[in-house]
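Read the structure below first, then the notes.
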């Protein structure tokens with residue numbers, strides 16, 4: 001499998017983009033064409049991501065499959081794409097999650113525009129994960145907002161208009177500040193080195209911006225990512241957006257869009273401004289840890305099942321932020337791994353909640369009872385996914401959380417101690433919800449709850465398989481993530497001027 | 001108009017619009033030749049030093065002509081719908097455009113004033129051009145009175161500058177300030193401030209913006225489109241030429257003033273737009289916030305700032321023309337239904353029109369891959385280059401506030417509540433063409449902005465002394 005010159009990364013972005021246009025142009029008289037075309041496009045994209053995964057050179061640290069074409073030459077803006085261990089699995093997750101989201105739930109109306117928006121969303125997300133040019137990244141980052149806004153506003157639940165507006169304005173405000181940060185970064189870099197460029201790799205490797213300026217710039221970027229992740233106290237858009245979004249919208253929002261924020265921290269925060277990220281690490285560690293506990297406590301209090309899962313996202317993303325800012329190999333690797341795992345488990349949870357909401361037309365936990373008696377397979381699937389979200393060993397959630405906690409304990413001891421408590425809280429709210437919804441005797445309304453259909457089972461199957469596989473044998477993932485993480489951590493060490501505590505290797509003693 | 005008076009009644013339908021568009025188109029084509037000329041031979045000064053021919057004036061001419069074409073397309077069916085088919089509006093448009101072009105190319109303050117008055121008087125009459133609507137008359141009177149005041153301020157400012165520098169000719173002013181150290185600067189500073197007031201009124205900068213919402217709302221919609229595009233372009237062109245180039249020496253004096261104006265304008269425009277219920281008023285306030293953005297570019301006072309402002313003016317002209325084209329179609333005869341409810345469910349009645357308006361509104365909000373984003377980008381880059389970081393952040397935050405307004409209109413269009421009016425919405429071919437041009441421009445420039453950005457960079461104003 002020698003390195004082919006097929007521009008796979010550009011193809012990854014262009015395929016769903018073109019697909020969106022094709023679906024939008026499909027004739028109105030043939031609505032039955034929409035879904036097959038969309039599925040074809042998303043499955044083709046998924047196949048491309050799998051090919052990317054297979055073709056990825058394990059053990060290589062730098063960016064692979066790099067494409068670079070000049071776009072706006074006078075400003076040094078180029079179509080610069082690349083993938084490394086950190087973004088690889090996020091891209092694969094995106095590729096896999098989108099067809100599943102499409103299959104999981106059908107829109108009640110206007111399937112054509114719904115599908116077109118989803119495909120445009122996919123193009124935007126893939127573009128964001130693959131960009132190595134600041135301007136290009138910003139373009140894709142903003143593009144992601146528009147389809148999500150329309151998906152929530154057009155196909156969501158009762159309070160959708162408020163939720164979609166809040167989502168759009170919050171995220172846009174963060175990116176507005178990031179845009180100024182981007183320009184200032186480029187301007188300062190140009191002042192020092194003489195070349196105007198938006199290229200991330202160039203700016204990161206030259207590290208020519210003064211310390212003070214870099215700290216401000218890091219904050220500008222961090223604001224946008226903090227809204228996306230979301231970090232307390234900028235998280236208030238999330239519960240509404242997740243709850244009011246249609247099922248596919250929630251799956252994609254939680255599964256993929258939140259990762260844009262944490263990925264941004266790694267790729268643009270740590271990589272571009274290593275010293276500043278080290279300087280501000282205590283702040284972000286604190287915010288992340290507060291998020292873990294606060295998100296979990298809020299989740300416990302929820303009466304709406306979907307809102308409970310939304311708050312659990314806040315809690316889980318807190319772990320990822322903790323891992324990112326602890327700067328050890330294991331913690332960052334755990335963070336990246338957890339990004340993928342969270343995408344799979346929370347995506348699965350939202351799909352299941354969507355199924356419940358479709359059948360019973362309610363998401364209130366108090367209205368649901370004893371579903372296990374009438375739908376045992378459904379209950380079993382839900383319980384497995386819930387366990388994965390809790391972090392039960394043997395399932396994927398455990399690996400990520402474990403690595404994060406172990407890695408962070410070295411450098412961020414007391415934060416980790418508090419965060420570990422969050423694991424218990426996760427068990428609390430999820431198991432309590434499972435108990436209330438599935439255990440006990442079903443009443444009249446719940447007795448008619450239909451079992452998991454074959455189609456739904458097929459949708460859940462790949463997610464379940466991933467949950468188990470990544471939990472039992474995460475080595476292939478870790479092998480590919482680790483080299484890039486190592487390079488990033490070394491980069492931070494070098495410029496931030498600190499040394500990682502050395503972990504004793506197994507077998508060193510006696 | 002003379003031609004129309006001579007030809008007997010019974011011009012073919014849309015004849016006036018076609019003639020107007022053709023004239024403007026011809027002007028644009030000739031401008032291309034002028035551009036070549038300027039690139040080869042450098043800037044020149046014509047008419048005894050009164051008019052400058054440089055890249056800047058050619059650029060402004062092209063933008064104004066484009067705006068005239070777009071407005072002619074919109075006005076065509078509008079006038080027929082209102083029962084006012086006639087050549088007056090077109091003649092006034094061409095006169096106003098001529099005034100605007102003179103403003104953009106003026107090399108002398110008095111000539112600039114001539115252009116300003118020609119433009120303004122034509123606009124006053126255009127605003128009053130719907131005799132059946134009381135609001136139209138009211139808006140014209142308001143505009144006239146306030147405009148008269150501001151022209152008086154402007155003229156007084158010209159007089160003071162003349163007193164301080166001994167000339168009204170821009171090249172002479174520039175040379176004088178470059179070579180002489182003024183002992184008593186008060187005269188000049190007062191003159192500059194008064195000039196700023198005069199310009200501020202015309203470009204709708206706060207706190208001189210009070211006339212904008214009322215006039216934009218009252219005037220017939222195609223006229224609003226014309227005012228928003230040509231009025232601003234001409235006024236900004238003059239502002240750039242006078243302040244950045246001629247009074248460039250005194251940068252440190254007028255830049256802080258512009259900083260305050262820009263911030264006020266941005267805040268007023270975005271925040272007050274949010275509380276409006278009438279779409280035309282919303283768009284009026286949004287045009288105030290766009291003026292604030294362009295002021296950010298002017299405040300940067302460097303070549304990038306001028307280029308950014310020019311590029312913004314160009315994209316803004318197309319965006320506003322397209323937006324108002326759709327508004328003209330939707331508000332119905334007599335500009336009666338201008339509330340947000342008029343747009344409710346537009347996506348079901350006319351999906352392509354709704355989609356076009358969505359693209360244009362998102363472009364105004366500054367979403368990437370549209371021309372609007374590139375325009376904001378250029379202006380913010382200029383501000384960052386001039387180290388006005390706080391201004392850049394305020395500008396971006398105001399764009400988020402303004403985005404709310406555009407989103408509200410979009411939400412209303414796509415909402416599925418309420419019943420859809422049974423009557424099919426008529427979209428005349430003129431308006432449809434204008435909207436298509438605007439959307440195409442927005443998306444094409446959004447994806448490939450380099451050419452236009454480079455053109456704007458080359459259109460830097462140069463002051464050349466007269467022969």
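Quick check on this structure: which one of A:342, A:278 is closer than 30 Å to residue A:205 by Cβ, in contact (Cβ under 8 Å) with a residue 12 or more places away in the chain and in contact with a helix residue (DSSP H, G or I) (Cβ under 8 Å, 6 or more places away or on another chain)?
It is A:278.
Of all residues in region A:180-197, which are in contact with a helix residue (DSSP H, G or I) (Cβ under 6 Å, 6 or more places away or on another chain), within 11 Å of chain B (Cβ to nearest Cβ) and crowded, with 22+ Cβ neighbours inside 10 Å?
Of everything in region A:180-197, those that are in contact with a helix residue (DSSP H, G or I) (Cβ under 6 Å, 6 or more places away or on another chain), within 11 Å of chain B (Cβ to nearest Cβ) and crowded, with 22+ Cβ neighbours inside 10 Å turn out to be A:180, A:181, A:182, A:183, A:184, A:185.
Helices (runs of 4 or more DSSP H) wholly in region B:310-416 with at least 3 residues that are within 13 Å of chain A (Cβ to nearest Cβ) - which ones?
B:351-365, B:371-385, B:389-414
Exactly one of these conditions fails for residue A:218: (1) surrounded by 19 or more Cβ atoms within 10 Å (Cβ to Cβ); (2) within 12 Å of chain B (Cβ to nearest Cβ). Give me its number.
The one condition residue A:218 does not meet is (2).
Could you grab me the full set of residues in region B:173-225 that are farther than 30 Å from residue B:283 by Cβ and in contact with a strand residue (DSSP E or B) (Cβ under 9 Å, 6 or more places away or on another chain)?
Listed by number, the list is empty, since nothing qualifies.
For residue A:169, indicate whether it is crowded, with 23+ Cβ neighbours inside 10 Å, facing another protein chain (nearest Cβ under 7 Å) and part of a helix (DSSP H, G or I).
no
List pairs: first in region B:153-174 and without any contact (Cβ under 8 Å) to a residue 60 or more places away in the chain, second crowded, with 17+ Cβ neighbours inside 10 Å and not in a helix (DSSP H, G or I), Cβ under 7 Å, 6+ apart or cross-chain?
As it stands, the answer is B:158/B:168; B:162/B:168, since those pairs meet every condition given.
In this structure, is residue A:175 under 19 Å from the mean Cα position of the chain (by Cα), within 14 Å of chain B (Cβ to nearest Cβ) and surrounded by 23 or more Cβ atoms within 10 Å (Cβ to Cβ)?
Yes, satisfied.
Determine if region A:105-120 includes at least one residue that is under 30 Å from residue A:197 (Cβ atoms) and surrounded by 17 or more Cβ atoms within 10 Å (Cβ to Cβ).
yes
Kindly indicate whether residue B:443 is more than 10 Å from every other protein chain (Cβ to nearest Cβ), out of contact with any strand residue (DSSP E or B) (no Cβ under 7 Å at 6 or more places or on another chain), assigned to a helix (DSSP H, G or I) and modelled with pLDDT of 85 or more.
So residue B:443 passes the test.
Across region A:205-219, which residue is farthest from residue A:80 (Cα to Cα) among those that are in a helix (DSSP H, G or I) and modelled with pLDDT under 85?
Result: A:206.
So that you can scan it fast, the table gives a plain yes or no per residue for (1) touching a residue at least 40 places away in the same chain (Cβ under 8 Å); (2) surrounded by fewer than 24 Cβ atoms within 10 Å (Cβ to Cβ); (3) closer than 22 Å to residue A:146 by Cα:
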{"position": "A:252", "(1), (2), (3)": "yes, no, yes"}
{"position": "A:262", "(1), (2), (3)": "yes, no, yes"}
{"position": "A:288", "(1), (2), (3)": "yes, no, no"}
{"position": "A:297", "(1), (2), (3)": "yes, yes, no"}
{"position": "A:303", "(1), (2), (3)": "yes, yes, no"}
{"position": "A:310", "(1), (2), (3)": "yes, no, yes"}
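Need pairs with beta-carbon distance below 6 Å; first residue within 14 Å of chain B (Cβ to nearest Cβ) and within region A:49-77, second surrounded by 14 or more Cβ atoms within 10 Å (Cβ to Cβ) and assigned to a helix (DSSP H, G or I); sequence gap 6+ or separate chains.
Pairs found: A:72/B:450; A:77/A:135.
Do we have residue A:154 as crowded, with 22+ Cβ neighbours inside 10 Å and within 8 Å of another protein chain (Cβ to nearest Cβ) here?
Yes.
If only one of A:89, A:137, A:98, A:129 is within 14 Å of chain B (Cβ to nearest Cβ) and buried (at least 20 other Cβ atoms within 10 Å of the Cβ), which one is it?
From the options A:89, A:137, A:98, A:129, the qualifying one is A:137.
When both residues are 6+ apart or on different chains and their Cβ atoms are under 6 Å apart, which pairs have a first residue that lies in region A:180-200 and is within 18 Å of residue A:212 (Cβ to Cβ), and a second that is in a loop (DSSP other than H, G, I, E, B) and at pLDDT 85 or above?
The qualifying pairs are A:186/A:198.
If residue A:117 satisfies every condition in (1) closer than 30 Å to residue A:490 by Cα; (2) within 14 Å of another protein chain (Cβ to nearest Cβ); (3) at pLDDT 90 or above but one, which is the exception?
(1)
Could you please find all residues in region A:318-330 being over 18 Å from residue A:424 (Cβ atoms) and assigned to a helix (DSSP H, G or I)?
Matches in region A:318-330: A:320, A:321, A:323, A:324, A:325, A:326, A:329, A:330.
Tell me yes or no: at least one residue of region B:200-211 is in a loop (DSSP other than H, G, I, E, B), crowded, with 21+ Cβ neighbours inside 10 Å and within 13 Å of the chain's Cα centre (by Cα).
yes
Would you mind listing the helices (runs of 4 or more DSSP H) fully within region A:393-510 where at least 2 residues are under 23 Å from the mean Cα position of the chain (by Cα) and surrounded by 19 or more Cβ atoms within 10 Å (Cβ to Cβ)?
It comes to A:396-411, A:413-438, A:454-472, A:475-496.
The values are calculated or read from the model by the stated rules, or taken from the named source; none is laboratory data. In this text, all values refer to a predicted model and were calculated from it rather than measured experimentally. Don't worry about glycine lacking a Cβ; one is built from the backbone with ideal geometry, like all the others, and counts go over all protein chains shown.
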